[in-house]
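Here is the structure we will look at.
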Amino acid sequence: MGKQQVSVDGIQKEQKHKLNPDKDLVVKNDGIIIQYEFNYDPSQIYSTGKIYFKNGKEGEARFFKFEKSEEDLAKKIFTLTSKLANYERVGVLKPHFLTYYEPQNIWILCYEKFNHLLSEINIDVEDFVNGDSRILSFWWRDSIRDLLRTIKRIHSYKLFHKGLNESDNYVVVSGRIKIINIKSSFEDLEDPPSQVNVLRMNDLKAFRDMLKEKIMLPEDSWVDRDSFFDFFDKEEYPYHIFIEKLASHPFLLTPTERMKCFYSIHDSANESKFKRRLDVRAFYKYRGWNRKDMVREFQKVYKIFNSKYDGECVWDLLEFLKDVYEDDNRRDFTLDAAYAEVKRLYPDFLEKIHAII
């Protein structure tokens, strides 16, 4: 090993250190890594540094420390997270190696380079606020859907994260959030049939809790956000359907996309069956939906098709909103404005329909 140097500020400036292929755990498809160096600062969660390959190339990397007593945990995290290292689209950051670092008596887990921990940055949550219409930013809409797909993929490999409530287990790489530090697998379970779904749901709820407590403006009132978070507690769906319902929840859509939902749901539904599903207590408050205080643009659509609507039939409300979406005479009345009116007149209507389709 190279000689250790200590700077004035106490941060240890490291020279190159060799990997031991007989003792260290290394991802085999990375090329042959022979050396590494990093600046060790015990006050930081991770350190920056470089790795050096046998072919003369080098690359930036990130280094996480584990105490000597955490050897088993460090090895498990490396082994499980490495299982996804070959799949670049999965959304899990690739680990390079795990080594015992004698100068500090700690284990060092080396990951490929990332820009930030999610906990280190503050990314705007909202694209805009229009009256009471608060819309999740494009970046977060896309990122949440991507993370849900990543969690689903982790589970498909019979792995469970067990730490998705901590924002330090997410990193940002070139604008994309990736997950690190997978901690559990199918092999750990004493009774797999009874535990698998529980652990999957626990991961999803932990992800929700991270968003809820650390990211999504927890001090602010936000009805759409709260509806999305509440959906994580609906465990009556099969797992694969549940994931898709989360990823397509109205909270992750623009107002225009939400208006299009009324069109898509109406045109794909069996009318007689869906009418019965809407004729339940949860939808009673939408009876009498043909209100006189609708905005002028809604009233115009209603008058055109008045003869086919029944104000006491919730199915007809869905059909009416589909007609509003298809209206070619809106002129300056945007679909964003249309959905704001839907929220005013029929709060939570789309969310309730989304839950039953």
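Computed from the coordinates by the stated procedures, all read-outs in this text should not be read as laboratory data. Quick caveat, the model's predicted, so the values are computed rather than measured. When we count neighbours, we look across all protein chains shown, and the Cβ atoms used for this are built from the backbone with ideal geometry, even at glycine.
Taking a straight Cα-Cα cut-off under 23 Å and skipping sequence neighbours fewer than 8 places away in the same chain, the lysines within cross-link reach of Lys260 are Lys245, Lys273, Lys275, Lys285, Lys300, Lys303, Lys308, Lys322, Lys343, Lys352.
Quick check: Cα centre of segment 128-188 to Cα centre of segment 302-357, how many Å? If you average the Cα positions of each part, the centres end up 33 Å apart. Annotation: peptides 345-354, 50-59, ranked by per-residue average of other Cβ atoms within 10 Å with the highest first, follow the order 345-354, 50-59.
Starting from the coordinates of the alpha-carbon atoms of segment 5-113, obtain the Kirkwood hydrodynamic radius over all distinct pairs and give the value in Å to one decimal. Walk me through the intermediate numbers first.
On the way: mean 1/r = 0.0702 Å⁻¹.
About 14.3 Å for segment 5-113.
Counting every C-alpha pair in the chain, the share spaced more than 31 angstrom apart comes to 48%. Placing dummy labels 7 Å off each Cα toward the beta-carbon, the span from Lys75 to Leu217 is 4.8 nm. Charge dipole (Cα centre; +1 on Lys/Arg Cβ, -1 on Asp/Glu Cβ; no other charges) of the chain amounts to roughly 720 debye.
Based on the Stokes-Einstein relation at 20 °C and a viscosity of 1.002 mPa s, and on the Kirkwood radius from alpha carbon pairs, segment 255-356 is assigned a translational diffusion coefficient of 157 µm²/s. By the count of neighbouring beta-carbon atoms within 10 Å, fewest first, His240, His155, His96 end up ordered His240, His155, His96.
The value of relative contact order for the chain, using C-alpha pairs under 8 Å at least six residues apart, is 11 percent.
Just to confirm a number: summing +1 for Lys and Arg and -1 for Asp and Glu over residues other than Glu244 whose beta-carbon lies under 11 angstrom from that of Glu244, what do you get?
On the way: positive: Arg145, Arg149, Lys152, Lys245; negative: none.
Spelling it out: positives minus negatives among the neighbours equals +4.
Its alpha carbons give segment 118-252 an Rg and a Dmax of 15.2, 52 Å.
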